[in-house]
Amino acid sequence: MRLDTFSSADFDRSASRATEALWLLLSGLFVASWLPGSGWRVRLLRAFGARIGTGVVMKPSVQIKFPWRLTVGDHTWIGEGVWIDNLAEVHIGSHVCISQGAYLCTGSHDWNKESFDLITRRIVLNDHSWVGAKSIIAPGTKIGDGAVLAMAGLAKGELKSWTVYAGNPASAVRSRQT
């Protein structure tokens, strides 16, 4: 690869540079801070275009790249230190738990191209799913209704509904009762 040939000029940020700069400032000061409280985090995210349902709990030290590319359903919990690196859309359903330190990554690079082109793919976490602490969700991953990714798992592709997954890469270990 030749990193001097990389260009992100074609990447659509979906917001102005001024909006992004303001978000980075306010997010760093408040959303990603240690300060307690959830409601004000949710309100700030909504002010920047996030679509967030009712009863959402968002713990301290959460990082969200582009709130305007985030949808969260009702009664979802987002734990301390979760990083939602959403260069593409991230859709999180209702009654979802994302535990501490999880990383949701929507972007990568094409290592087959000398220019190391940026590749982005959306992530979907369906209702009643649970992402364990320190887990990683790869670009393009879809987690089915009620699926569980155990602690420190690496999810790629599609995780079937009502199934427990573990490992790196994650594989099904057993079914989960509905």
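The values are calculated or read from the model by the stated rules, or taken from the named source; none is laboratory data. Here the structure is a predicted model, which is why all the values come from computation and not from measurement. So basically every Cβ, Gly included, is an ideal-geometry build from the backbone, and we count neighbours across all protein chains shown.
For this structure, a couple of remarks:
- Every listed requirement among (1) farther than 17 Å from Arg122 by Cα; (2) out of contact with any Lys or Arg (no Cβ under 6 Å at 6 or more places or on another chain) is met by Met58 save one, (2).
- Cβ-Cβ distances below 9 Å connect the following pairs, each with a first residue in segment 56-70 that is on the phi > 0 side of the Ramachandran plot, a second residue that is buried (at least 22 other Cβ atoms within 10 Å of the Cβ), and a separation of six or more residues or different chains: Ser61/Val31; Ser61/Val82.
- Residue list for segment 124-178, restricted to those being under 17 Å from Ala102 (Cβ atoms), assigned to a loop (DSSP other than H, G, I, E, B) and of a type in the set (Ser, Thr, Tyr): Ser129, Ser135, Thr141
- Unique residue being in contact with a Phe, Trp or Tyr (Cβ under 9 Å, 6 or more places away or on another chain) and over 15 Å from Trp130 (Cα atoms) when the list is Cys105, Cys97: Cys105
- Close pairs (7 angstrom Cβ cut-off, 6 or more residues apart or separate chains): on the phi > 0 side of the Ramachandran plot and modelled with pLDDT of 95 or more in segment 32-52, surrounded by 12 or more Cβ atoms within 10 Å (Cβ to Cβ) and assigned to a loop (DSSP other than H, G, I, E, B) anywhere: none
- Looking only at residues in segment 144-161 that are among the aliphatic types (A, V, I, L, M) and more than 10 Å from Arg176 (Cβ to Cβ), the one that is surrounded by the fewest Cβ atoms within 10 Å (Cβ to Cβ) is Met151.
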